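Participant: This structure is in structure tokens; I'll ask about it shortly.
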Amino acid sequence: MNTLDPDAELLPHIARGDQSAIREIVTRKLSRLIALGVRMLNDRSEAEDVAQETFLRVWKQAEHWRSDGAKFDTWLHKVAINLCYDRLRTRKDYSDENAPEMIDPALIPEQRLDKSQQGDVISIALAALPNRQREALVLQYYQELSNIEAADLMGVSVDALESLLSRARRNMRALLVEKGVHKYEC
């Protein structure tokens, strides 16, 4: 058992077609991959497609995967990020009309509307950021990766990541102020 990378122990089983190992990796990773895709693409359906394609690559590459010092999770996120970028490059025009509505069931209807509208504005502002800035924010704040993990995943130094994050936060604040959201902390 690899205590440093608990996912790595599943890969030989996945390579042999072990259905329980496949289910386990999907259970562990699906929600985070979809969340990553939604934040990068602003489209739940496309995010689900990216997650599915990411898992297809896991199943195809499981027997060949070697850590080479990187965690499986880092590789998985890199595959998903690259698939998101592929989709962003092929888009003819960007539309946010399919942005998912995240509703907190504990809120009263008026609060739901305000929170929903604020979430929509945040999604639009996030989508308006340059790709690398959006990627840095998504990896750190939504995927909760450390600076070291996010920098490694993006193939940049920690200093470069911090610079991207600084510019991204500054741009997000400006975009949100422009849209009338003043209470967003980033």
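Participant: Would you point out which residue out of Lys29, Lys71 is in contact (Cβ under 8 Å) with a residue 40 or more places away in the chain and either of a type in the set (S, T, N, Q) or out of contact with any helix residue (DSSP H, G or I) (no Cβ under 7 Å at 6 or more places or on another chain) (or both)? Talk me through it step by step, then tell me what you get.
Facilitator: Values: Lys29 fails: either of a type in the set (S, T, N, Q) or out of contact with any helix residue (DSSP H, G or I) (no Cβ under 7 Å at 6 or more places or on another chain) (or both).
It is Lys71.
Participant: Could you please give the count of residues in the stretch 142-167 that are under 20 Å from Lys71 (Cβ atoms) and either in contact (Cβ under 8 Å) with a residue 12 or more places away in the chain or assigned to a helix (DSSP H, G or I) (or both)?
Facilitator: 13
Participant: Counting only residues that are acidic (Asp, Glu) and not in a helix (DSSP H, G or I), which one in the stretch 1-50 is farthest from the chain's Cα centre (by Cα)?
Facilitator: Asp18
Participant: Modelled with pLDDT under 85, over 26 Å from Leu76 (Cβ atoms) and hydroxyl-bearing (Ser, Thr, Tyr), is that true of Ser166?
Facilitator: No: the conditions fail for Ser166.
Participant: Is it the case that some residue within the stretch 70-84 is under 30 Å from Ile14 (Cα atoms), at pLDDT 80 or above, in the same structural domain as Ser31 (by TED's automatic domain parsing) and in contact with a Lys or Arg (Cβ under 7 Å, 6 or more places away or on another chain)?
Facilitator: yes
Participant: Residues to consider are Arg134, Arg89; find the one that is in contact with a helix residue (DSSP H, G or I) (Cβ under 8 Å, 6 or more places away or on another chain) and modelled with pLDDT of 80 or more.
Facilitator: Sole residue among the options that is in contact with a helix residue (DSSP H, G or I) (Cβ under 8 Å, 6 or more places away or on another chain) and modelled with pLDDT of 80 or more: Arg134.
Participant: Out of Ala51, Ala62, report the one residue that is modelled with pLDDT under 85, surrounded by 19 or more Cβ atoms within 10 Å (Cβ to Cβ), assigned by TED's automatic domain parsing to the domain that holds Glu24 and not hydroxyl-bearing (Ser, Thr, Tyr).
Facilitator: Ala62
Participant: If you scan the stretch 130-141, which residues turn out to be part of a helix (DSSP H, G or I), more than 10 Å from the chain's Cα centre (by Cα) and within 15 Å of Arg170 (Cβ to Cβ)?
Facilitator: Once the filter is applied, which keeps residues that are part of a helix (DSSP H, G or I), more than 10 Å from the chain's Cα centre (by Cα) and within 15 Å of Arg170 (Cβ to Cβ), the stretch 130-141 yields Arg132, Gln133.
The values are calculated or read from the model by the stated rules, or taken from the named source; none is laboratory data. Because the structure is a prediction, the values reported are computed rather than measured. Don't worry about glycine lacking a Cβ; one is built from the backbone with ideal geometry, like all the others, and counts go over all protein chains shown.
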